Each structure stands twice: as structure tokens, then as C-alpha cells.
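To start, the structure itself, in C-alpha cells.
The values are calculated or read from the model by the stated rules, or taken from the named source; none is laboratory data. What you see is a predicted model; the values in this text were computed from it and never measured. Note that we place each Cβ from the backbone using ideal geometry, even for glycine, and neighbour counts take in every protein chain shown. To get the accessible areas, we keep the full protein, side chains included, count just its heavy atoms, and leave off ligands, DNA and RNA. Shrake-Rupley method; radii C 1.70, N 1.55, O 1.52, S 1.80 Å.
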Amino acid sequence: MAGSMKARRVLAALLRIGWSIKRQRGSHRTLERAGRPDYVFAFHDNEVIGPRMLARIKKSTGLTDADC
């Protein structure tokens, strides 16, 4: 996950590691996972997420390079 990725792929990886969609309003999805605070994933599916934002998502959610 060094470069950029489509938001759809990042969301799929988050769902694979145990996050679930708590609620959704438009492109804003609130994700939940036991033992962690809720995370708002606010990207359209085809949107490209750059490397700096990916790093922030990884830090907040526990996502790793191996998960993607």
C-alpha cells in the first residue's frame, strides 16, 4: 500500500480485518470495530486515496500493507 489506491479497495481491506459499516449517509460511512473508536470513511468508491491519506487511515484503523 505504498502508493495510491482506490477507496473501494481500501474499504474492502478494512472490512476484511474486522471493521463493519455501522451507518452510511451518502459517501460518509461510519465504521466500527470492537476495542477501537468509530472511524468515518468519507470517500467515494472510485476516488483515489493518496499515500499521505493512506498513512493516516492505517494509523487510525490498524490497517497494514499486508492487509491490502
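Things to note:
Yes or no, residue by residue, for (1) open to solvent by 60 Å² or more (accessible area, probe 1.4 Å); (2) part of a strand (DSSP E or B); (3) in contact (Cβ under 8 Å) with a residue 40 or more places away in the chain:
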residue	(1), (2), (3)
Arg8	yes, no, no
Leu11	no, no, no
Ile21	yes, yes, no
Met53	no, no, no
Lys59	yes, no, no
Leu63	no, no, yes
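- Condition met for Leu15 (open to solvent by less than 80 Å² (accessible area, probe 1.4 Å), assigned to a loop (DSSP other than H, G, I, E, B) and out of contact with any strand residue (DSSP E or B) (no Cβ under 6 Å at 6 or more places or on another chain)): no
- Pair list, Cβ under 7 Å, 6 or more apart: the range 23-34 residue closer than 16 Å to Ala12 by Cα, other residue open to solvent by 100 Å² or more (accessible area, probe 1.4 Å): Ser27/His44; Thr30/Arg23
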